[in-house]
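Working notes, structure below.
The values are calculated or read from the model by the stated rules, or taken from the named source; none is laboratory data. Being a predicted model, the structure only gives us computed values, none of them experimental. Positions of Cβ are generated from backbone atoms using ideal geometry, with glycine treated the same way; all protein chains shown enter the neighbour counts. Each accessible area value is taken on the protein alone, full model and side chains, heavy atoms only, with ligands, DNA and RNA left out. Shrake-Rupley method; radii C 1.70, N 1.55, O 1.52, S 1.80 Å.
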Amino acid sequence: MSEANLIEVRDLAVEFISGDQVNRVVDGISFDIRKGETLALVGESGSGKSVTAHSILRLLPYPLARHPSGSVRYGDQDLLQLGEKPMQRIRGNRIAMIFQEPMTSLNPLHSIEKQINEILLLHKGLTGKQATARTLELLELVGIPEPHKRLKALPHELSGGQRQRVMIAMALANEPELLIADEPTTALDVTVQLKILDLLKELQSRLGMALLLISHDLNLVRRIAHRVCVMQRGKIVEQADCATLFSAPKHPYTQMLINAEPSGAPAENPVGAPLLEVEDLRVWFPIKKGFLRRTVDHVKAVDGINFSLPQGQTLGIVGESGSGKSTLGLAILRLISSQGGIRFNGQHLEGLNQQEVRPLRREMQVVFQDPFGSLSPRMCVADIVGEGLRIHRIGTAEEQEAAIIAALQEVGLDPQTRHRYPHEFSGGQRQRIAIARALVLKPALILLDEPTSALDRTVQRQVVELLRSLQLKYNLTYLFISHDLAVVKALSHQLMVIKQGQVVEQGDARAIFHAPQHAYTRQLLEAAFLEVEAVG
């Protein structure tokens, strides 16, 4: 083993076994991780990136997974052949891992202090004041504000970015030689992504550790990686230093990934009359205190928002988590109570009760962020897509079946699959099912709440092109909520930038992306690696 290499992976293969079926998901790959460097594994979902990373720490679901060949050398040891007790001494100690979704990785019943202390006890034998002091030191290291106030906090009491920082603190507790980061910024805002990225770079420099980054975000990889391995269908199809790979990619698949950034202009429909008008919209949540639970203040989630959206246009709504984007969308659809004026297709909605709003719901549909969470696992695709038709009593059974088939064809899905269930589809296909469910009712307005955030770049591009073609064909109006500014730029005619419930900038999307006026907008664009004009 070379002295420069920390990890040497040779001819690694992984097979998943299901009954009599054997599926090879990693197929004879080899690569090195050098001391102190950042190596990125990139590729689409299902390419084998995470399985490869999990193999290093032997975290696969054995015995349903097996390694038919290969080795993972760490020093003079082959980790694939190591006994379980020696392997436990390496996991979380010499090699640590940050998982993609911190909310599912952290124990919801234990405080942050208890979870970090557990690692310190297991590997360092620290208890009591020593463990607490080290925990505070780690929380401060990863940039948690006022860490002494966060010790007793439960995971749900922290923001997404703070939870990810806690995961990083846990991973760094024993100063590992290798940190494996599996999609560490996927669900985070662009500004939080940038902070986490800068934090990882700073910690790597300070501690001298190596970093294995698994990601489908090539902008992130370009910024942090020294070398890149591109995976497709379980094989490494190209590996090179970062600058060479991005400037002169050789493999067609690598070229496709680099060119997969959502691009192009929004659909050019004739500008119609205003379909949706919002005036001084407010959503204030009361803060109650005392024995009598009196209201002492309000959280102003949405505070005095105004806009007019013509039919056939897209309004992109951007801002960080907690800015009020999703709350605004839910208020417009009358799914939460609000104050102020909402006029849809000339009809005032603010005075209507839920029963009076219900007939209008077929005209106002929604596509949520996580299609797997918003699609019932107990219903087949035909039932999911046709549910709205049954609720609104549209057509006969035969006409409903024809409408379901047509909607699935519209979104590029084979109607023959309509009797299958959501878990049998990929993430991109599930999002197409969610779009078909909204489309089948022939709505005028669709609220798209982070519809592409959990998807690979190549799938994002396909969904963006689908949304554009549907808008052009049916003159649809979109409210598009997202923190992914590249996707927003490709779809939006108008742009609204929200911070702490208030609009800081709004207007023509092209003009704002070209020359933003507000410092907060510039901060969002720069964090998303989108070029902006210099002021002055």
Go through the range 253-271 and give me each residue that's within 26 Å of the chain's Cα centre (by Cα) and open to solvent by 30 Å² or more (accessible area, probe 1.4 Å).
Q255, M256, I258, N259, E261, S263, G264, A265
All but one of (1) more than 18 Å from L448 (Cβ to Cβ); (2) without any contact (Cβ under 8 Å) to a residue 60 or more places away in the chain; (3) assigned to a loop (DSSP other than H, G, I, E, B) hold for Q355; which doesn't?
(3)
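Rundown of residues vs (1) open to solvent by 10 Å² or more (accessible area, probe 1.4 Å); (2) closer than 26 Å to E137 by Cα; (3) of a type outside the set (A, V, I, L, M, F, W, C); (4) under 21 Å from the mean Cα position of the chain (by Cα), yes/no style:
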site: I168; (1), (2), (3), (4): no, yes, no, yes
site: N174; (1), (2), (3), (4): no, yes, yes, no
site: E177; (1), (2), (3), (4): yes, yes, yes, no
site: I196; (1), (2), (3), (4): no, yes, no, yes
site: L220; (1), (2), (3), (4): no, no, no, yes
site: R227; (1), (2), (3), (4): yes, no, yes, no
site: I236; (1), (2), (3), (4): yes, no, no, no
site: D241; (1), (2), (3), (4): yes, no, yes, no
Answer yes or no as to whether I95 is open to solvent by less than 30 Å² (accessible area, probe 1.4 Å), touching a Phe, Trp or Tyr at 6+ places or on another chain (Cβ under 9 Å) and without any contact (Cβ under 8 Å) to a residue 40 or more places away in the chain.
no
Restricting to the range 306-340, what's the tally of residues that are under 19 Å from V497 (Cβ atoms) and either under 17 Å from the mean Cα position of the chain (by Cα) or not aliphatic (A, V, I, L, M) (or both)?
18
Applying the selection to the range 367-405, what residues are outside any helix (DSSP H, G or I) and open to solvent by 30 Å² or more (accessible area, probe 1.4 Å)?
F368, Q369, D370, S376, P377, R378, M379, H392, R393, I394, G395, T396
For the range 94-113, which residues satisfy the criterion of being of a type outside the set (A, V, I, L, M) and at pLDDT 85 or above?
R94, N107, P108, H110, S111, E113
Across the range 7-32, what is the total count of residues that are farther than 21 Å from L178 by Cα and of a type outside the set (A, V, I, L, M, F, W, C)?
9
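Out of all the residues in the range 81-113, which are assigned to a helix (DSSP H, G or I), aliphatic (A, V, I, L, M) and farther than 24 Å from L200 by Cβ?
Within the range 81-113, M87 is the sole residue that qualifies.
For (1) open to solvent by less than 30 Å² (accessible area, probe 1.4 Å); (2) modelled with pLDDT of 80 or more; (3) outside the structural domain of V42 (by the TED database); (4) outside any loop (DSSP other than H, G, I, E, B), each residue gets a yes or a no:
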position: Q115; (1), (2), (3), (4): yes, yes, yes, yes
position: I119; (1), (2), (3), (4): no, yes, yes, yes
position: L126; (1), (2), (3), (4): no, yes, yes, no
position: Q130; (1), (2), (3), (4): no, yes, yes, yes
position: R165; (1), (2), (3), (4): no, yes, yes, yes
position: A187; (1), (2), (3), (4): no, no, no, no
Of the conditions (1) touching a Pro at 6+ places or on another chain (Cβ under 8 Å); (2) closer than 23 Å to A331 by Cα, A438 satisfies every one except a single condition; which number is it?
(1)
